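Student: Sharing a structure here in structure tokens format.
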Amino acid sequence: MRKTLTLIFGIIILQLSFSCKSQYSTTELKNNFTTEQISDLNKITEFFKNQMCLGMESDFKTCYERTPHEYLEATGSGFWNNIDFDKQKELYNEISESTFDEIWAFCKSIYPESGTELKSLCPVNGKYISYLIELGKTNTAIAKYADRVSAAGDFNELYLNYSNILNNKKDFNLNDPNVQLILAIHYLSINDDFKRTDKWEAE
């Protein structure tokens with residue numbers, strides 16, 4: 001009888017485990033990226049999570065919720081400012097060129113006051129935008145975000161406001177790997193935009 005109960009209990013736990021793992025869809029990723037590219041996207045997410053959590057053993061949701069977003073914004077520094085830009089550039093070299101090119105391109109940013117022309121990161125109309133659009137079919141907040149990024153051609157920090165993310169738990173489930181990837185690419189793009197000082201050179 002005891003063995004039977006143990007077996008039943010084990011089966012229930014196993015079913016719950018599979019249920020928890022399957023609640024997050026990977027269909028959109030598989031529909032838009034190759035296996036190698038998905039592996040690269042996982043690297044991007046893990047790098048961001050490690051930088052954001054300062055290497056501590058803590059889950060992404062806890063890190064994001066405990067980050068003093070309002071204080072950091074009031075002092076003129078978003079939490080993404082803690083991302084090590086040199087390590088971020090190393091990350092670019094660790095992912096395939098095909099993955100990078102489906103997310104980003106380098107564009108020219110002109111600063112009218114000084115006339116300076118700098119190299120900046122901008123989104124491309126590639127697989128990543130297609131991925132966002134597909135996710136947006138079941139997530140209104142992501143649909144709105146995809147429209148903004150695609151239309152404006154940049155990753156403006158206002159497009160994903162931290163208060164909206166924290167208050168909209170339905171669309172921004174911080175345990176969802178899709179949401180984590182989107183936040184990773186968004187904040188890494190902003191970090192690059194603020195910290196890159198390369199002069200623009202026409203190719």
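Student: Short version: ³J(HN,Hα) in whole Hz for each residue of region 161-173, in order, from phi by Karplus 6.51 cos²θ - 1.76 cosθ + 1.60 (θ = phi - 60°), x for Gly and Pro, what are they?
Tutor: After applying 6.51 cos²θ - 1.76 cosθ + 1.60, I find 6, 4, 5, 5, 5, 6, 8, 9, 6, 5, 7, 10, 6 Hz.
Student: Residue by residue through region 96-104, which ³J(HN,Hα) values in whole Hz follow from phi under the Karplus form 6.51 cos²θ - 1.76 cosθ + 1.60 (θ = phi - 60°), with glycine and proline marked x?
Tutor: Karplus values, whole Hz, x for Gly and Pro: 5, 4, 5, 5, 4, 5, 8, 10, 10.
Student: Can you give me the long-range amide H partners of residue 53? Hydrogens built in the peptide plane at 1.01 Å from N, cutoff under 5 Å, separation of 5 or more residues or another chain.
Tutor: Correct list: empty.
Student: In whole Hz, what ³J(HN,Hα) sequence does region 41-53 give by Karplus (6.51, -1.76, 1.60; θ = phi - 60°), x for Gly and Pro?
Tutor: Whole-Hz 3J(HN,Hα) from phi for region 41-53: 5, 5, 4, 4, 4, 5, 4, 4, 4, 5, 5, 5, 8.
Student: Quick one: how many Å² of residue 104 are accessible to a 1.4 Å probe, rounded to 10?
Tutor: We get 0 Å² for residue 104.
Student: Please report the projected area of region 152-202's Cα convex hull averaged over all directions, in nm². If you can, show how the numbers build up before the last one.
Tutor: Working: hull surface 18.7 nm².
With the hull built on Cα positions only, its mean projection is 4.7 nm².
Student: Suppose each label sits 7 Å from its Cα in the direction of the beta carbon; what would the residue 66-residue 113 distance come out to in nanometres?
Tutor: Placing both labels 7 Å beyond Cα along the Cβ direction yields 3.8 nm.
Student: Next question. Filter the cross-link list 43/127; 30/119; 49/127; 61/170; 49/170; 89/127 down to pairs whose alpha-carbon distance in this structure exceeds 25 Å. Please report the intermediate quantities before stating the final value.
Tutor: Values: 43/127 17 Å; 30/119 32 Å; 49/127 22 Å; 61/170 14 Å; 49/170 21 Å; 89/127 21 Å.
Violating the 25 Å limit, Cα to Cα: 30/119.
Student: Once every Cα of region 24-120 carries one equal point scatterer and solvent is ignored, give the base-10 log of I(q)/I(0) from the Debye formula at q = 0.11, 0.22 Å⁻¹, two decimals.
Tutor: Computed log10 I(q)/I(0) values: -0.48, -1.19.
Student: Once amide H atoms are built 1.01 Å from N in the peptide plane, which residues 5 or more positions from residue 200, or in another chain, come under 5 Å H to H?
Tutor: Under 5 Å from the amide H of residue 200: 117, 118, 119.
Student: Here's a follow-up. What translational D, rounded to a whole number of µm²/s, comes out for region 63-203 from Stokes-Einstein when the hydrodynamic radius is the Kirkwood one over Cα pairs, at 10 °C and 1.306 mPa s? Before the final figure, lay out the partial values.
Tutor: Values: Rh = 16.2 Å.
Approximately 98 µm²/s, per Stokes-Einstein.
Student: If the only charges are +1 at each Lys and Arg Cβ and -1 at each Asp and Glu Cβ, what is the size of the charge dipole of region 64-203 around the Cα centre, to the nearest 20 debye? Each step should come with its number before you reach the end.
Tutor: Working: 14 positive and 23 negative charges, 86 e Å.
Its charge dipole is roughly 420 debye.
Student: Continuing with the same structure: Could you give the dipole magnitude of region 38-124 about its Cα centre, charging the beta-carbon of Lys and Arg +1 and that of Asp and Glu -1, in debye to the nearest 20?
Tutor: On the way: 8 positive and 16 negative charges, 18 e Å.
Result for region 38-124 is approximately 80 debye, rounded to the nearest 20.
The values are calculated or read from the model by the stated rules, or taken from the named source; none is laboratory data. From a predicted model like this one, the values you see are computed outputs, not experimental measurements. Positions of Cβ are backbone-derived with ideal geometry, glycine not excepted, and every protein chain shown enters the neighbour counts. To get the accessible areas, we keep the full protein, side chains included, count just its heavy atoms, and leave off ligands, DNA and RNA. Shrake-Rupley method; radii C 1.70, N 1.55, O 1.52, S 1.80 Å.
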